[in-house]
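Peer 1: One structure follows; several queries about it will come next.
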Amino acid sequence: MQKTQYNFDKIIDRTGTNCVKWDLRSLYFKNPNLLPLWVADMDFETPDFIIESLRDRLNHPVMGYSFRPKEFNRSFQEWALKKYNWDIKPDWISFSPGVVSAVSIAVMGFTEPRDEILVQPPVYFPFFKSILCLKRKLKYNPHKEIDGRLCFDFDNLEESISSKTKMLVLCNPHNPGGSAWTPEELGKLAEICSKHDIFVVSDEIHADLVFEPAVHTPFMEAAGDHALKTITCMAASKSFNLAGLSTSLVVIPDAKIKEKFEDLMQTLHISGGNLFGAIATMTAYSKGWDWMQQLLVYLKSNRDYLVDFVNSELPGIRILVPEATYLAWMDFSSLSMDQDELNRWMTQDVGVGLNSGTMFGPGGDGLMRINFACPRKQLEVALQGLKAALEKL
Ligand SMILES: Cc1ncc(COP(=O)(O)O)c(C=O)c1O
């Protein structure tokens, strides 16, 4: 049978669909016409076989309460084995409407108010709110850049841990830096955390989006015997462009930890989840292999184009080469603008919507995050705009 060739070059008009990335441009950037390369979803079609599975369900006229069939866990178990060589049991898998809600539930369930929770900035910013709104203390162990790659600062980590430090929220692979953490890095992190009895919440939402020769290593796998207190948050939402369907998975091997997590889910009455999210997720994991292979080829070529363009056409601007994710961390500090000025210049003069670096915590000054999961033509327009605006400075 001939393989379907997917078309990631197709430009899709997402305006008028209550799309955060496109329809909130005026609200967030005061420029309704800019090219938005911010929110972490993709400007590609959600795969046709997933849309078909949703259409099939729509043929039935009742949308009442539903449960996730066994196939939900099984499809992820098989995907995890094939994609990350991660051998998990179906009954380790739990549900959450989103990865951030899973992080918040873990904070609620496994720490107490005023406990310290470690995060490693620059990092995906909703972690900060989950921790602060629940009256826990944020403790930073900033990443350090070594040879153009964000790395863990193990010395600082050991120094910052106190008797009040109870949890670490890990972003694996890393958003916004794009590091695909190695087994050695994760193993060392696990060793330190286990020595100090620190619970690790590993956000692995970008696990599928890793570019060869890098691979995804689940934290739990690298941690081995040190993985006593840990949960792993996964989802098909980034990988298959399903973020609007509010469905994610949480891998929890320890039965007691799993029970507590699920009790909290039931207290909030959110265990049922979204009927369509469950169908889309099962379909993605059971039928999505070829689509994912093709997506990765396209994303990698966009990444290489972006990095080459920055290095050859944008003097003074730096970019970290992402090993994973469709996000890249760009350094504009040579322009000597303060962050407000940089944001204004980007949105009004360049005409591109990026995430301001300071959102990601300490280490974000003078930097911005770009999302390159879009048709190549759009990326070209953004980069030409950047080049032209730089020449005018
Ligand atoms: C690292 C990371 N975690 C979590 C999320 C959001 O996940 P969810 O929508 O499932 O809460 C994102 C979205 O950008 C992300 O980049």
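Results for (1) of a type in the set (D, E, K, R); (2) over 20 Å from the mean Cα position of the chain (by Cα); (3) under 30 Å from Tyr6 (Cα atoms); (4) assigned by TED's automatic domain parsing to the domain that holds Leu138, shown as yes or no for each residue.
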| residue | (1), (2), (3), (4) |
| --- | --- |
| Ser333 | no, yes, no, no |
| Met337 | no, yes, no, no |
| Trp345 | no, yes, no, no |
| Gly353 | no, no, yes, no |
| Pro362 | no, no, no, no |
| Leu367 | no, no, no, no |
| Ala388 | no, yes, no, no |
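Peer 1: Which pairs have Cβ atoms under 9 Å, sit 6 or more apart or on different chains, and link a residue in segment 114-129 that is under 17 Å from Ile205 (Cα atoms) to one that is within 11 Å of the ligand (Cβ to nearest atom) and open to solvent by 30 Å² or more (accessible area, probe 1.4 Å)?
Peer 2: Cβ pairs passing all conditions: Tyr124/Val100; Pro126/Val100; Phe127/Val100.
The rows are residues; the columns are (1) of a type in the set (S, T, N, Q); (2) within 12 Å of the ligand (Cβ to nearest atom); (3) modelled with pLDDT of 95 or more.
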| site | (1), (2), (3) |
| --- | --- |
| Ser194 | yes, no, yes |
| Asp208 | no, no, yes |
| Met234 | no, yes, yes |
| Lys238 | no, yes, yes |
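Peer 1: I want to confirm something. Restricting to segment 238-280 and keeping residues that are assigned to a loop (DSSP other than H, G, I, E, B), over 20 Å from the mean Cα position of the chain (by Cα) and among the hydrophobic types (A, V, I, L, M, F, W, C), which single residue is surrounded by the most Cβ atoms within 10 Å (Cβ to Cβ)?
Peer 2: Ile270
Peer 1: Applying the selection to segment 311-349, what residues are open to solvent by less than 40 Å² (accessible area, probe 1.4 Å), touching a residue at least 60 places away in the same chain (Cβ under 8 Å), closer than 27 Å to Val20 by Cβ and not polar (S, T, N, Q)?
Peer 2: Selection gives Ile317, Leu320, Pro322, Ala324, Tyr326, Leu327, Ala328, Trp329.
Peer 1: How many residues are at positive phi and either polar (S, T, N, Q) or surrounded by 10 or more Cβ atoms within 10 Å (Cβ to Cβ) (or both) when one looks only at segment 3-19?
Peer 2: 1
Peer 1: Within segment 126-136, does at least one residue satisfy the condition of being within 16 Å of the ligand (Cβ to nearest atom), among the aromatic types (Phe, Trp, Tyr) and either in contact with a Phe, Trp or Tyr (Cβ under 9 Å, 6 or more places away or on another chain) or at pLDDT 95 or above (or both)?
Peer 2: yes
Peer 1: Within segment 283-301, can one find any residue that is farther than 30 Å from Ile231 by Cβ and among the β-branched types (Val, Ile, Thr)?
Peer 2: Yes, some residue in segment 283-301 is farther than 30 Å from Ile231 by Cβ and among the β-branched types (Val, Ile, Thr).
Peer 1: Now for a different question. Do the conditions hold for Phe154, that is, is it touching a residue at least 60 places away in the same chain (Cβ under 8 Å) and in the same structural domain as Ser194 (by TED's automatic domain parsing)?
Peer 2: The answer is no for Phe154.
Peer 1: Which of the residues belonging to segment 213-228 are open to solvent by 40 Å² or more (accessible area, probe 1.4 Å), assigned to a loop (DSSP other than H, G, I, E, B) and at pLDDT 95 or above?
Peer 2: Pro213, Val215
Peer 1: Looking at (1) over 17 Å from the mean Cα position of the chain (by Cα); (2) surrounded by fewer than 16 Cβ atoms within 10 Å (Cβ to Cβ), find the lone condition where Lys129 falls short.
Peer 2: Unmet condition: (1).
Peer 1: Then there is this: Name the pairs: first residue in segment 364-384 and aromatic (Phe, Trp, Tyr), second residue open to solvent by 10 Å² or more (accessible area, probe 1.4 Å), Cβ to Cβ under 8 Å, at least 6 apart or on different chains?
Peer 2: Final answer for the pair search is Phe372/Arg303.
Peer 1: Could I ask something else about it? Given the residues Leu58, Leu35, Leu27, which is the only one that is away from the ligand (no atom under 16 Å from the Cβ), surrounded by 12 or more Cβ atoms within 10 Å (Cβ to Cβ) and at pLDDT 95 or above?
Peer 2: Going through Leu58, Leu35, Leu27 in turn, the sole match is Leu35.
The values are calculated or read from the model by the stated rules, or taken from the named source; none is laboratory data. Just so it is clear, the structure is predicted and the values come from calculations on it, not from any experiment. In this analysis, Cβ positions are derived from the backbone assuming ideal geometry, glycine residues included, and neighbour counts consider all displayed protein chains. Please note that ligands, DNA and RNA were not included when accessible areas were found on the heavy atoms of the full protein model with its side chains. Shrake-Rupley method; radii C 1.70, N 1.55, O 1.52, S 1.80 Å.
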